[in-house]
Amino acid sequence: MAIARLNHAVLYVRDAHHAAQFYKDVFEMEPILEMPGAVFLKAKNSLNDHDLGLFSLGDQAPILPRGAAVGLYHLAWQVETLSDLVKFEKKLRDLGHFIGASDHGVTKSVYGHDVDKNEFEIMWIVPLELVDTGDEIKTQRLDLNKEIARFGADLLGRQV
């Protein structure tokens, strides 16, 4: 038996409707089902029945400091091109939700957080035929301009 991919994620948040607005604004996800205390969203080109579920815990629910408790570290969403990654970085910076950016060799990533400090990664995967020996898994500062010069802004990344 083998798992093919992650189908969807579900997060506990303070206010599902407020959090859903963030995911709609940043990722252009569309709510497909809303009920008191819960919202289910779907990404534009997704084949899933939903990609993200949000459940309200209330305004007094604690937000734990990053890395202070056992639990989910982050979610990762894949984009098709480096130009998409640039757009997401700008959007997150403009909204004050940008955390950082990393070059992981075979992936190029920007990181942000939602209104409840849930962290996420937005990643582009180097096409397999363009991976070379210098692209081993690593973590270093991402220079998007350098990566665009190397791969082009609109090269489709590897789809997994």
Expected 222 nm ellipticity per residue - DSSP helices of 4 or more, -39500 (n - 2.57), all of the chain, to 500: -6500 deg cm²/dmol
Two-site label geometry, N145 and H74: point separation in nm, points 7 Å out along Cα→Cβ: 2.3 nm
Peptide ranges 152-160, 77-85 listed from the most packed, as the mean C-beta count within 10 angstrom indicates: 77-85, 152-160
Debye intensity ratio I(q)/I(0), log10, the chain, q values 0.11, 0.15, 0.21 Å⁻¹ (C-alpha model): -0.48, -0.87, -1.44
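Length gain on complete extension for the stretch L95 to N7, per 0.36 nm per residue less the alpha carbon to alpha carbon distance?
28.9 nm
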Angle in degrees between helix 16-27 and the longest Cα principal axis of the chain, rounded to the nearest 10: 20 degrees
Zone of H18's modelled label, taken as backbone nitrogen in region 65-80 under 16 Å from a point 7 Å along Cα→Cβ: none
Relative contact order of region 8-58, pairs being alpha-carbon contacts under 8 Å that are 6 or more residues apart, as %: 46 percent
Order by protection proxy (mean Cβ within 10 Å, highest first), peptides 89-98, 114-123, 137-146: 114-123, 89-98, 137-146
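FYI, it's all coordinate maths here, none of it is from the lab. These figures come from a predicted structure and were not determined experimentally. In this analysis, Cβ positions are derived from the backbone assuming ideal geometry, glycine residues included, and neighbour counts consider all displayed protein chains.
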